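Shown next, in C-alpha cells, is the structure this report addresses.
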Amino acid sequence: MRTMLVVAVALVVSAGSFGAAAQSISVNRIEISSDAARKLVETCVAYAERNKILVGAAVVGIDGVLIDFHLMQGATATNSETAILKAKTAAHWQRPTRELEEWVKTGSNRAPEWIGDFPRAGGVPIVIDGMVAGAIGIGGGGDKGNECAQYAIDTVIRKRP
C-alpha cells in the first residue's frame, strides 16, 4: 500500500512539472472556421457552375482534418476522393499541389509520392496573415479546378475586413 502511495505522489508531482513546462509554451496559429470553410466551398461550387464544370470541393484545417466538403450533382466518386486528398496534401506541404506535381514530373523531388500524398494540381493552401491556416482541394474540372480553388480563396479570405 505504501509503495502505491509513493508512486501516486510521484505521478502527481511529475504531472505538475510537465504541466508547468507545457504552460510556458505558446503556439499561435490561425485556423479556418467552419463558417469560412463553408463559404469557400460554396464560392467554389458557384464558380464551377458558372464555368460548367463538375467538382468535389474540400476544405481542411492545417492538420489535414476535413472541415467542409461538397460533391456537385453529377460529379464522380473520384472527384470526391481527389478533392480531399489534394486539400490534405496542400496543407501538409503548405504549398500548391500544382508545384508538387511539377517536382514529381521533373524528378526533382519524388517525396510527395513516396509518402502517400497526392501531388496533382487542384490543392491550394489558405494563407491568412502570412500563415497557412488550411487548404482547399478541388477534384475534377481539369485546369479550372485549380482556378476554382484560388478564386474561392481570393473571394472569401482576401476580401475579409
Cβ-Cβ under 6 Å pairs, at least 6 apart or on other chains, segment 43-64 side assigned to a loop (DSSP other than H, G, I, E, B), far side surrounded by fewer than 20 Cβ atoms within 10 Å (Cβ to Cβ) and among the basic types (Lys, Arg):
Asn51/Lys144; Ile53/Lys144
Pull up segment 123-159, narrow it to residues that are free of Cβ contacts under 8 Å to residues at least 40 places away in the same chain and part of a strand (DSSP E or B), then point me to the one that is nearest to His92 (Cα to Cα).
Pro125
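Yes/no per residue for (1) modelled with pLDDT under 90; (2) buried (at least 21 other Cβ atoms within 10 Å of the Cβ); (3) out of contact with any Cys (no Cβ under 8 Å at 6 or more places or on another chain); (4) among the polar types (S, T, N, Q):
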| site | (1), (2), (3), (4) |
| --- | --- |
| Val104 | yes, no, yes, no |
| Trp114 | yes, no, yes, no |
| Pro119 | yes, yes, yes, no |
| Val127 | no, no, yes, no |
| Gly134 | no, yes, yes, no |
| Gly141 | no, yes, no, no |
| Lys144 | no, no, yes, no |
| Ala152 | no, yes, no, no |
| Thr155 | no, no, yes, yes |
Positions within segment 70-112 being in a helix (DSSP H, G or I), without any contact (Cβ under 8 Å) to a residue 40 or more places away in the chain and in contact with a Pro (Cβ under 8 Å, 6 or more places away or on another chain), in sequence order
Trp93, Leu100, Glu101, Trp103, Val104, Pro112
Output the number of residues of segment 69-83 satisfying the condition of being within 12 Å of the chain's Cα centre (by Cα) and surrounded by fewer than 22 Cβ atoms within 10 Å (Cβ to Cβ).
1
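The values are calculated or read from the model by the stated rules, or taken from the named source; none is laboratory data. The model shown is predicted, which means the values in this text are computed figures rather than measured ones. Cβ: placed from backbone, ideal geometry, glycine included. Neighbour counts: every protein chain shown.
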